[in-house]
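So the structure is just underneath, and the comments pick up after that.
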Amino acid sequence: MVKAIVGANWGDEGKGKITDLLARQSDIVIRFQGGANAGHTIINDYGRFALHTLPSGVFYSHVTNIIGNGVALDIAKLADELEQLQAQGVPAPRLIVSDRAQLLMPYHVLQDTYEEQRLGGRAFGSTKSGIAPFYSDKYAKTGIQVCDLFDTPRLQQRLTTAVELKNVLFAHLYHKPPVDPNQLMEQLLSLRERVCPWVGNTVTFVHDALKQGKTILLEGQLGSMKDPDLGIFPMTTSSHTLAGYGCVGACVPPTAIQDVISVTKAYSSCVGSSAEPFVSELTGPAGNELRRRGGDKGEFGATTGRPRRVGWFDTVATKYGCMVQGATQVALTCLDVLGYLEEIPVCTGYEIDGQVTRSFPTTPALMRAKPVFTTLPGWNCDIRGCTDYSSLPKNAQAYVDFLEQHIDAPITMVSTGPRREEMTYRTARL
Ligand code: GDP
């Protein structure tokens with residue numbers, strides 16, 4: 001059976017921690033979308049890790065980790081990440097890279113960087129990892145698959161075609177030097193050597209595993225709000241962040257996904273452009289304090305180090321985020337972070353043009369939305385590391401009950417710290 005672990009919000013909800021925890025009882029963990037443009041922070045007995053491309057099952061020797069065909073694969077970054085794991089004492093993981101995954105090329109990074117420069121103040125806040133040009137090329141059918149690396153004439157021909165297009169753009173739109181296809185070809189041939197030991201037919205592997213009754217985890221990157229169809233377009237990413245896309249990006253049958261665990265934090269955080277609407281945002285000194293106390297080392301991007309915007313829990317966005325994921329259960333993380341507050345506002349509605357709504361709107365209306373808050377009492381004590389839900393302070397439990405009612409999805413896990421074991425389990429009331 002297949003379980004998906006996905007984000008209900010803007011990303012950085014703590015999916016890595018939940019995947020690392022649940023991988024213990026799983027056979028396979030698959031990354032099915034996105035690239036190295038976001039990171040999952042994991043803290044376990046081996047230390048603290050920021051994984052960008054590797055699935056969060058790499059800490060268990062019994063787990064097979066798969067880079068699915070839907071991923072934007074930067075081979076050099078993948079190899080560096082594996083080396084880093086080994087340097088920190090983690091045994092070499094079992095890994096298979098789909099022969100159908102496509103390659104994130106150096107010209108994608110250049111194009112992303114040049115385009116953000118060109119847009120100036122209108123930029124999307126890209127991490128400049130090349131993700132948008134990568135997916136554009138995939139759908140324009142000029143991308144290069146991992147399997148192409150093993151057919152040199154075909155690789156040469158596909159590379160020539162792709163570079164011709166890029167060089168027109170680089171010369172005439174961005175006024176930048178051209179890319180040299182011969183140099184790129186040499187680079188690809190050496191990357192081929194690095195990736196070769198891991199490449200495999202993951203489609204057959206996954207279907208065989210399902211026939212044998214194995215448990216598969218799909219690990220999402222970013223969250224519902226960043227989905228290009230159902231998120232806050234165009235301040236989205238360029239791949240689908242929804243569990244449903246796992247059917248394509250990991251090649252699991254739609255009927256095999258039996259559990260969708262939507263992860264959400266006990267407050268909100270958002271990375272990307274400051275132009276993105278973020279209705280429940282908390283700014284000023286109170287925002288700085290929440291940012292400083294958030295996550296395991298403050299709310300700063302695991303890949304970029306950029307400060308994340310923070311805000312109060314947003315039930316309008318999260319209810320929608322869980323709905324579009326098809327959440328069967330919800331993992332609420334970072335409850336411990338709020339222990340310093342006397343009172344905790346929760347966004348329970350959006351006021352748009354004088355009307356209050358609980359439905360998440362499209363982007364133009366979202367830009368005009370103002371938050372409607374309900375303030376709950378805090379618990380004002382340190383609950384970090386608690387592993388027994390019933391021993392949490394009454395106000396902390398009441399806060400979770402309130403969120404569950406408002407997001408209309410069952411909260412079954414409540415995390416009380418960044419470490420693997422800092423977790424409580426709750427009987428949902430819905
Ligand atoms: P992901 O991309 O969804 O895996 O999330 P990130 O790893 O980017 O961000 C989540 C942050 O929250 C990381 O710094 C985690 O170590 C941290 N974290 C996860 N769960 C908890 C929790 O329950 N409490 C605290 N304090 N930090 C947590």
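FYI, it's all coordinate maths here, none of it is from the lab. What you are looking at is a predicted structure, and each value in this text was computed from that prediction instead of being measured. All Cβ positions, glycine included, derive from the backbone under ideal geometry; neighbour counts span all protein chains shown.
With 10 angstrom as the radius, rank I261, I30 by how many other C-beta atoms surround their C-beta, starting from the fewest.
By the 10 Å Cβ count, ascending, the order reads I261, I30.
Where in the range 312-419 are there GluC sites (Glu not before Pro) that are in a DSSP coil and have at most 12 other Cβ atoms within 10 angstrom of their Cβ?
Qualifying residues, ordered by number: E342.
If one takes the longest principal axis of the Cα atoms in the chain, at what angle in degrees, from 0 to 90 and to the nearest 10, does the Cα axis of helix 202-211 lie?
50 degrees
Length gain on complete extension for the stretch L173 to D80, per 0.36 nm per residue less the alpha carbon to alpha carbon distance?
Working it through step by step, the gained length comes to 30.2 nm.
Would you mind checking the tilt of helix 315-325 against the longest principal axis of the Cα atoms of the chain, expressed as 0 to 90 degrees and rounded to 10?
40 degrees
Mind listing the long-range amide H neighbours of N380? Cut-off is under 5 Å, sequence gap 5 or more, other chains count too, H placed in the peptide plane at 1.01 Å from N.
Answer set, sorted by chain and number: L341.
What ranking do 162-174, 89-101, 209-221 get when scored by the average of other Cβ atoms within 10 Å per residue, highest first?
Ranked from most to least packed, the peptides come out as 209-221, 89-101, 162-174.
In sequence order, what are the phi-derived ³J(HN,Hα) couplings for the range 374-389 according to the Karplus relation 6.51 cos²θ - 1.76 cosθ + 1.60 with θ = phi - 60°, rounded to whole Hz, with x for glycine and proline?
Values per residue, Gly and Pro as x: 10, 9, 10, x, x, 10, 6, 7, 8, 10, 3, x, 4, 10, 10, 4 Hz.
Counting other C-beta atoms within 10 Å, and keeping those with at most 14, which DSSP coil trypsin sites (Lys or Arg not before Pro) do you find in the range 332-405?
The qualifying sites are R358, R368, R384.
Most exposed first by the Cβ proxy, i.e. fewest other Cβ within 10 Å, how do L51, L149 rank?
Sorted ascending by nearby Cβ count, the order is L149, L51.
Can you say what percent of the DSSP beta bridges in the chain, counting only those with both residues inside, are antiparallel? Round to 5.
Counting only bridges with both partners in the chain, antiparallel ones make up about 40 percent.
What are the ³J(HN,Hα) couplings of the range 414-430, residue after residue, when phi is run through the Karplus curve with 6.51, -1.76, 1.60 and θ = phi - 60°? Round to Hz, x for glycine and proline.
Along the range 414-430, the couplings run 10, 8, 10, x, x, 6, 3, 7, 7, 8, 10, 10, 10, 8, 5, 9, 7 Hz.
Would you report the distance distribution of C-alpha pairs in the chain as whole percents per 10 angstrom bin, up to the bin with the largest distance?
5, 22, 31, 25, 13, 4, 0
A 22 angstrom limit on the alpha carbon distance is what I want to check against. Which of K226/K370; K3/K141; K3/K319; K319/K394; K3/K138; K138/K166 exceed it?
Beyond 22 Å between Cα atoms: K3/K141; K319/K394; K3/K138.
Which value, in Å to one decimal place, does the Kirkwood hydrodynamic radius take for the range 188-281 when every pair of different Cα atoms is included?
Over the range 188-281, the inverse of the mean reciprocal pair distance is 16.1 Å.
From the P(r) of the range 1-107, can you give the percent of Cα pairs sitting at distances over 24 Å?
Roughly 17 percent, rounded to a whole number.
Stretched out fully, how many nm does the piece from D151 to N380 gain, at 0.36 nm a residue minus the Cα gap?
76.2 nm
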